[in-house]
Amino acid sequence: MKNLFDIKDNVTVITGGTGVLGRTIAKYLALNGAKVIILGRKEDVGQAIVDDIKNDGGQCEFMKTDVMDEACVQKNCDDIIAKYGRIDTLLNAAGGNMPGATIGPDKTFFDLDASQFSKVLELNLTGTVIPTQIFLKPMVKQGKGSIINFSSMAAFRPMTRVCGYAAAKAGISNFTQYMATECAKKFGEGIRVNAIAPGFFITEQNRSLLTNPDGTYTQRGQDVIRQTPFGRMGEPEELCGTIHYLMSDASKFVTGTVAVVDGGFNVFAM
């Protein structure tokens, strides 16, 4: 029997690949044989990541994109197909939050900025739909492909503060399940759509929310640790194994799932 986890030469596209989690995942996959294409807005950061991966022997390149711009994403797709001839995996890791879409302890729902709420929904949810729509087409032509979306703990539990982000991530979980059925019924079992739901990992986006300038945990950070049976935050590399599984033939009969990687946070009761 062949190695079900073999991802050598797997052409893998990662949107939002310049973030803390994205760059770690990109390096892991490249060093395990995948041909990784990082899509992002920050060209200098992206190229630095590419150089680091290549220095360690991985195959990787960066393409500038805007996941909200269909023409731009289509150009990315066309360029990748022209060079590699196929796209095997799409990892939708682009996303983010905005201050106006959050509600702090000293504010109420009436302080929510509807325009920023809308932008957060668009960035996270529509910013997943557009790349999925575009990169799915070559997968359908080749009869095989794996799409992995980024959900969140906020999709499972209605956490305080992150009103817009939570709504968007709940939408991604639902969209993932919808697309799993849509693809299997209309394009065949070769197309699989799943999601990963990380627990709490320190990123540039949430660092000031979870940690103080001296590195100690804020009250919110302490609340997270208290509700995480493992008693700590996650490390970025701890997402890699689940993603590896979901993009490989080891998960050939898996679609429509939201894989939780959270140190037990989602199952903790009291």
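If you filter the range 176-190 down to residues that are open to solvent by less than 30 Å² (accessible area, probe 1.4 Å) and in contact with a strand residue (DSSP E or B) (Cβ under 9 Å, 6 or more places away or on another chain), you find that the one that is nearest to Lys144 (Cα to Cα) is Gly190.
Figure legend. Inter-residue proximity from the range 247-270: first residues in contact (Cβ under 8 Å) with a residue 24 or more places away in the chain and at negative phi, second residues open to solvent by 30 Å² or more (accessible area, probe 1.4 Å) and part of a strand (DSSP E or B), beta-carbon distance below 7 Å, spacing 6+ or different chains. Indicated pairs: Asn266/Val260.
Only one of Gly263, Gly256, Gly241, Gly215 is loosely packed, with under 15 Cβ neighbours inside 10 Å, part of a loop (DSSP other than H, G, I, E, B) and of a type in the set (Gly, Ala, Ser); which?
Step by step, each of Gly263, Gly256, Gly241, Gly215 is checked, and only Gly215 is loosely packed, with under 15 Cβ neighbours inside 10 Å, part of a loop (DSSP other than H, G, I, E, B) and of a type in the set (Gly, Ala, Ser).
Residues in the range 98-129 that are under 18 Å from the mean Cα position of the chain (by Cα) and either more than 22 Å from Ser208 (Cα to Cα) or loosely packed, with under 11 Cβ neighbours inside 10 Å (or both): Glu122, Leu125, Thr126, Gly127, Thr128, Val129.
Residue-by-condition table, conditions (1) open to solvent by 40 Å² or more (accessible area, probe 1.4 Å); (2) without any contact (Cβ under 8 Å) to a residue 24 or more places away in the chain; (3) within 12 Å of Leu91 (Cβ to Cβ):
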{"residue": "Phe5", "(1), (2), (3)": "yes, no, no"}
{"residue": "Leu21", "(1), (2), (3)": "no, no, yes"}
{"residue": "Leu29", "(1), (2), (3)": "no, no, yes"}
{"residue": "Asn32", "(1), (2), (3)": "yes, no, no"}
{"residue": "Ile38", "(1), (2), (3)": "no, no, yes"}
{"residue": "Asn55", "(1), (2), (3)": "yes, yes, no"}
{"residue": "Met63", "(1), (2), (3)": "no, no, no"}
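Cβ-Cβ distances below 7 Å connect the following pairs, each with a first residue in the range 92-112 that is modelled with pLDDT of 95 or more, a second residue that is surrounded by 11 or more Cβ atoms within 10 Å (Cβ to Cβ) and among the aromatic types (Phe, Trp, Tyr), and a separation of six or more residues or different chains: Asn92/Phe150; Ala93/Phe150.
Can Ile49 be described as at pLDDT below 95 and either assigned to a helix (DSSP H, G or I) or aliphatic (A, V, I, L, M) (or both)? Let's see the steps before the verdict.
On the way: at pLDDT below 95: no; either assigned to a helix (DSSP H, G or I) or aliphatic (A, V, I, L, M) (or both): yes.
It is false that Ile49 is at pLDDT below 95 and either assigned to a helix (DSSP H, G or I) or aliphatic (A, V, I, L, M) (or both).
Ile134 satisfies every condition listed in (1) modelled with pLDDT of 95 or more; (2) outside any helix (DSSP H, G or I); (3) among the aliphatic types (A, V, I, L, M) except (2).
Here the condition is being surrounded by 15 or more Cβ atoms within 10 Å (Cβ to Cβ), within 21 Å of the chain's Cα centre (by Cα) and free of Cβ contacts under 8 Å to residues at least 24 places away in the same chain; of Leu136, Leu210, it holds for Leu210 alone.
Of everything listed in (1) assigned to a helix (DSSP H, G or I); (2) surrounded by fewer than 20 Cβ atoms within 10 Å (Cβ to Cβ), the single unmet condition for Phe230 is (1). Take Phe268 and decide whether it is open to solvent by 30 Å² or more (accessible area, probe 1.4 Å), within 15 Å of the chain's Cα centre (by Cα) and more than 21 Å from Thr12 (Cβ to Cβ). In short, no. Tallying residues that are among the acidic types (Asp, Glu) and outside any helix (DSSP H, G or I) within the range 146-200 yields 1. Applying the condition of being assigned to a loop (DSSP other than H, G, I, E, B) and of a type in the set (Val, Ile, Thr) to the range 67-124 and asking which residue is farthest from Ser151 (Cα to Cα) yields Thr108.
The values are calculated or read from the model by the stated rules, or taken from the named source; none is laboratory data. Because the structure is a prediction, the values reported are computed rather than measured. Cβ: placed from backbone, ideal geometry, glycine included. Neighbour counts: every protein chain shown. Protein only, heavy atoms only, side chains kept; ligands, DNA and RNA dropped before computing areas. Shrake-Rupley method; radii C 1.70, N 1.55, O 1.52, S 1.80 Å.
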